[in-house]
Every structure is written in C-alpha cells, then in structure tokens.
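See structure below.
Where a number appears in this text, it was derived from the coordinates with a stated rule and is not lab data. Given the structure is predicted, the values throughout are model-derived calculations rather than measurements. Here the Cβ positions follow ideal geometry from the backbone for every residue, glycine too, while neighbour counts run over all protein chains shown.
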Amino acid sequence: MIIPGDRLQNTTAIEADVCIMGGGVAGIVLANELASSQIKIVVIEAGSEDYSVEVQDAYKAEHSTQWYPDPLRSRMRMLGGSSNHWENNTSPLDPIDFEKRSWVEDSGWPISYDDLEPFYRSAGVYVGVADDGYETSYWEKKLGERDLAKNSKVLETGIAKASTPPARFFAMHGQALTTSESVEVYTDAYVVDVEYDTEKQRVSKAFFETKPGLRHSVKAKTFIMCFGGIDNARMMLAFNEKYNDQLGNTFDNVGRYFMDHPVVRAANFFPHQRDQFGFYQGNDLQSRIVLGFFKFRQDVLIEQSLNNLRMPLSSASNYLISDGISSHHILTDSLSNGSIPENFGTHILNYVKDLDMVAEAISRKAFKKPLFDDADEFGGFQVPLMMEQTPNRESRIALGDEKDAFGVRRVNVDWRLNQSDKDQMWRGLEMFANEIGGLALGRVKLLKEREDRLWESQLGYGHHHMGTTRMSNTPEKGVVDANQKVFGTQNFFLGGSSVFPTGGHVPPTLTIVAMSIRLAKMVREEMKYDG
Amino acid sequence: MMDKSRRKFLGRSSASLLGVVMATKLFPTKVAFASSEVTLCEAAINEFAYVYRSWLKTEVGSPSLYIAQSGLSSDSSLKQIQALSSTQFRRAETHQLDGLVLSKIEVALMADVGRLYC
C-alpha cells in the first residue's frame, strides 16, 4: 500500500517490524524479500513515483571535486531510485575482488565470493537479465560467437548482460509492495533523524518529515537504511553528530574511502578482422543484450600486482576515433590560455595528418552538417575501460554548511584518485596491447598524449558511489560488519554499495541486489530468533 | 590541402601490416605506382619515413641490422615474421609509435622501408 506523504496532515506515530529507509533498488528488493514473511514493513521514500525537481534538489552537493558529477545529476530521488535512469549493465564481482590483496591498500571483504554466489542468480531475475549466469563458455556456445581470449594466458573474456528496456525497479517490482497488506510505503517522506538508545545500542525510532517541520515517527524492531553510496554516508554523519559517533563512526570511517569507477577512453583498438569481434558487440537476445569484454586473468592480476580492470570494445567511427580532433581541442585550449601543451609536436602532426576529420568537426560545429561521407564509417574500437579504484581514506563525503529544504546539511564530495591507480592503468593497458598483438587480433594505440585531458574533462564515471560505509570485520576499518549491521548497534543495518570495501570493475547494482537478498534472509532469521 | 590521416594508415596497416611491409619492402616503387590512390601511397611513404625517424630516436643500431639480428632474411616468409611478431608482443619487445603499440620487428621493417625515403 502506498501512502502519499501529503495524507499525513498531523504528526503520526507508525509501528512496524522492519523500517526500510529508502525506496530505491536495495530498499525495493529488501521489501520484496521480507514481504513474504508476514513481517510488517514500512518503507520511507523521500520521492514518489514521479520525478520532482524540488525533491531531487536535496541531492545537490554544496561542493564537488572539479569534473566530478554532482549527485544531483547522478542519483534519482524517487521510487526505484537511480534504476530510473541506469543503463542496466550487469556483471557479478570476481572472486578476487573479495580478497585481501597486498598491493591494494585496505582491500578485502569480510565475506567471500562464495558467500554471495547463491544470491547472484536471483539477483539476475530482479535486474531483468534472467538467471542464466555469466559463464563465458555458456554464452560462447549460446550466441555462437568466438571467445577470442580462450587461449590467452593473460586475458579472459567476461560477460555483461543488460535488459532492454533497462529494469526500472519500482515499475518491475513495486506491485508486490503496493498490493501487500504487510507493506506500507510512505512517499514524499524525508528521513531526517533517528532515535538511538545508547544503553541498549538500538535504534528505536526513525523520524521523517512530509513537509518541512511536519515530523512523523516510525518505531520498529529493525531499521535498514538504503539511501545510496552518498546519502547513506550523509545521514550517518548527521546522526552521529547527535550521538557522538556511536553509530559505526568510533574510528572516523563514515564517509571515507569514497570510490567510483573511472571510465577512461585511454586506448583505441584497430582490429585485424572486425567480424571476429561479434562476441564483444551487443548481442540482442530477446529483450536482453549480452556482450563480452576483455579482462585480466586472476592469476595475472596477482602476479602483476594489478587492480582489476575491464576493457570493453565500443565501435567508433573515423570521426570519433580521430586523433586530429583530439589534438585540435588540446591545441585550441592550450593556445587560448597562452600556453604550449606537452607533446606539442605530436599534436601538430596529428592535426595536419588528420586534417580531414578536423575539417569535419569544424563543419559539424559551425554549419551543423557533415563534410565527408566516410566520417561515420567504422574506424576502430574505442576501449572505454572501467578501472577499480584503490580505497583511499582521503577520498570522502563530508557534511557541508549549507542545508537543504528539510534542514539536513548538504554534502561536500571530495573524490580522489591515486596517482598509482593512473600509473597502473597504463601498465595494464600496455599488457593488454601486447597480448592483443600476441594473439594477432589487431593493434592497440595508447592515447598517452591526451593524458591531462583523460583525467580531467574527458574522464567518465560509472556514477557508482561506493565505500563510504564500508564493510569490515572490525570497527577500526569499517562501519558495518559482515552482516551489514552498523558497528555499535544491535538492529541498524545499511544496504547498497556504500558497504562495498572495494568495487572491482563491475557496475554495482547486481551485487547490491544479491547482497540485499542475503541481508533480507539474515534479518528474517534474526527476527525469528528474537521471536 | 588535405593529407590522408595517420589514423587511417595505422588502422589499415594494423589489419595487414606485415603484408604491406613485405610488399613495400620488396617492391616499393611498384607498389607506389600500382595503386590508383597515389595520395595514399605518398601518405604511406611519409609514414614509413616517420617510422624510420622514430626508430632512430629510440633504438640503437639501424633497422636493417636489427632485422638481420632477428634471424630474418629476404627468404623469410610472412608467417615467420608474424610468428616472430607475436612472440615479441608476448615478451613486451615492442615499440610505441605515438602510442600505437607495435612489435619491434614490425617497426624495424617499416623503418627499413622509410630509410629509403629519408
């Protein structure tokens, strides 16, 4: 049952067994999984079924690192959360992602891949890509395409799946909530505070407002907060100001270790035979798309002390892959600032050699029409690689001074990427280029002359906010335990990718869903045990 | 004047690099005149010359010496060269031409052709 916030004209006291804060991907999966257990569930969602500019405004950061996208644009504050605009690119994490790796500082999950593996198949159904898994040999056979890394001792082929259209979680899974008698979903209901019993170490109430100042309460046995990778940290920081860091922040870990997946178009790939690469292009399969991507074998990652890295291939036209256009931009920017860029000679050479595509770009911009017929023909593959970021304590979400309409402080987003991660990416790409040459699949061009722009204006992001309330065996190194329970509490859990200690190279949603199914199972068992 | 792009050359040569190299190495003049796309050949020749200059900047010894030391001769087949090239990639014996990662033997062969035009 959905209860719009504006129906609550007076302060209301609600009681439930489980209070789920946030009606995004994790919240919806948790509610679905728990709904079958005859447990009374209350879901509190700041938005509603429809997008609202006013509601969305609460995501606006006070300050963000230059070039880093404001959460206002990357999150969605409505039922279904950011699944309302995601591309639904799914893969499971690799077993190595869960392991403590000596070369990746602060790596290591308190759970293993095997702990999560039983939930990945059900997660596949939730995200609309079915439960037939991500086994490369299975998909090679099913699609009748060639795994080009099969005989490689360096690379292997990973599988990504997406549903078409992308799974919008409330549209797909909301009905179970709206029709269930045991679930109440409060919309336009903004959680602003919790009540924490310091002696019993229990959260006893959550408070939400349906308009500024009109406050309601939910009393529950268990609370699960699923506000996403940024707002989980934001609200935890806000709660901890009141409760002297007793909610998982004794060791100042809340908001720290903020990670994303930098997407770097740092290489172009010129294949020998384009038609060999069918496996690596989108294979349309009845409302699903399946595609392969290159990644390093796990033994190679260990041997070479590399972070995990994904190298997908994206078909690009002559125009898109042009070195000349890129050099044109670099030269224009630098010269207009009165400076001379690094590799000046190379840029001039690119410009002159690729003058046709530079002219094409100018024509498109100035006259809004193409100049050359072949500009849109296949020129090669771009490699928009997605890299694993090393956890960094100084990369963080903090509270700013400005407040939103409900009086909650906005965030400051200080996202940082280690220089060693950048260096490692180039090392990984060189290994990739060497192996592609060794397999006689083509040649790879590393776009090092664009280095400055690659890490600034041209850097893409997965918008995968992770790590800010990380999972750990001990409160010294994390905010939640292996069961996602906040350290220092008996009944307060966090859901979503904020609990990921490391992020691998995969979009997090499939794992968020798998972990939410696992969390629901644990909560059910815990409630049974508590009577 | 619009030159043909390096990107196109590299794209094409990466698809059939060794074939181009071998043909051009053995019959540079014929290749140039056999093609109706004379501008492409001019561009290719410029590229080979560029490769030669790049070789001189970073490698010790001439490309022809390197080729000889690699055990190749004018009797070597394309397959032998390709096998050597693959082996070199796997040993990271590569040379980057403005970021394009090529095996050293590929670059040496192109540079050896380029030497004729410098």
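Explain nothing, just the number: dipole magnitude of chain A about its Cα centre with +1 on each Lys and Arg Cβ and -1 on each Asp and Glu Cβ, in debye rounded to the nearest 20. That gives a dipole near 220 debye. If you wrap the Cα atoms of the stretch A:338-435 in a convex hull and average its projected area over all directions, you get 12.7 nm². With a 10 Å Cβ neighbour count serving as the proxy for reagent exposure, in which order, fewest first, do A:THR509, A:THR164 appear? Least crowded to most crowded, the residues run A:THR164, A:THR509.
Residue by residue along B:99-107, Cβ atoms of other protein chains within 10 Å of the local Cβ number 5 on average. Per-residue Cβ neighbour counts within 10 Å put A:PHE378, A:PHE279 in the sequence A:PHE378, A:PHE279, beginning with the fewest.
Since only A:PHE378, A:LEU306, A:SER327 are under comparison, the one whose Cα sits farthest along the positive direction of the charge dipole of the stretch A:304-387, derived from C-beta charges on Lys, Arg, Asp and Glu, is A:LEU306.
This ranking places A:SER315, A:SER48 by how few other beta-carbon atoms lie within 10 Å of each, fewest first, which gives A:SER315, A:SER48. Dipole check for the stretch A:155-208: with +1 at the C-beta of Lys and Arg, -1 at the C-beta of Asp and Glu, and the Cα centre as origin, the magnitude is about 240 Debye.
With the alpha-carbon atoms of the stretch A:249-300 aligned to their principal axes, the span from lowest to highest coordinate is 56, 30, 25 Å, starting with the largest.
Please give the average number of partner chain Cβ atoms lying within 10 Å of the Cβ of each residue in A:262-270, rounded to a whole number. Show your work: numbers first, answer last.
Working: counts 0, 0, 0, 0, 1, 2, 5, 1, 9.
Shielding by partners across A:262-270 averages 2.
In terms of packing, defined here as the mean over residues of other Cβ atoms within 10 angstrom, the peptides A:222-234, A:339-351, A:205-217, A:322-334 line up highest first as A:222-234, A:322-334, A:205-217, A:339-351. Cα centroids of the stretch A:20-88 and the stretch A:361-383: how far apart, whole angstrom? Here the answer is 38 Å between Cα centres.
Of the peptides A:409-416, B:90-97, how do they stack up when ordered by the mean number of other Cβ atoms within 10 Å, highest first? Working shown, then result.
Working: A:409-416: 20.2, B:90-97: 17.5.
Ranking the peptides A:409-416, B:90-97 by packing returns A:409-416, B:90-97.
Taking the inverse of the mean 1/r over every pair of distinct Cα atoms in the stretch A:428-529 gives a Kirkwood hydrodynamic radius of 16.9 Å. If you take the Cα centroid of the stretch A:191-223 and the Cα centroid of the stretch B:94-116, the two points sit 68 Å apart.
Taking each residue of A:438-444 in turn, how many C-beta atoms of other protein chains fall within 10 Å of its C-beta, and what is the average?
Average per residue, whole number: 6.
The helix-only estimate of mean residue ellipticity at 222 nm for chain A, built from DSSP H runs of length n ≥ 4 each weighted as -39500 (n - 2.57), is -8500 deg cm²/dmol after division by the residue total. Here the Debye sum runs over all C-alpha atoms of chain A as equal scatterers in vacuum, and log10 of I(q)/I(0) at q = 0.06, 0.07, 0.13 Å⁻¹ comes out as -0.31, -0.42, -1.28.
Charges at C-beta only: +1 for Lys and Arg, -1 for Asp and Glu. How large is the resulting dipole of the stretch A:435-509 about its Cα centre, in Debye rounded to 20?
Computed about the Cα centre, the dipole is about 120 debye.
Cross-linked pairs A:LYS205/A:LYS485; A:LYS161/A:LYS485; A:LYS295/A:LYS448: Cα-Cα separations exceed 23 Å for A:LYS161/A:LYS485.
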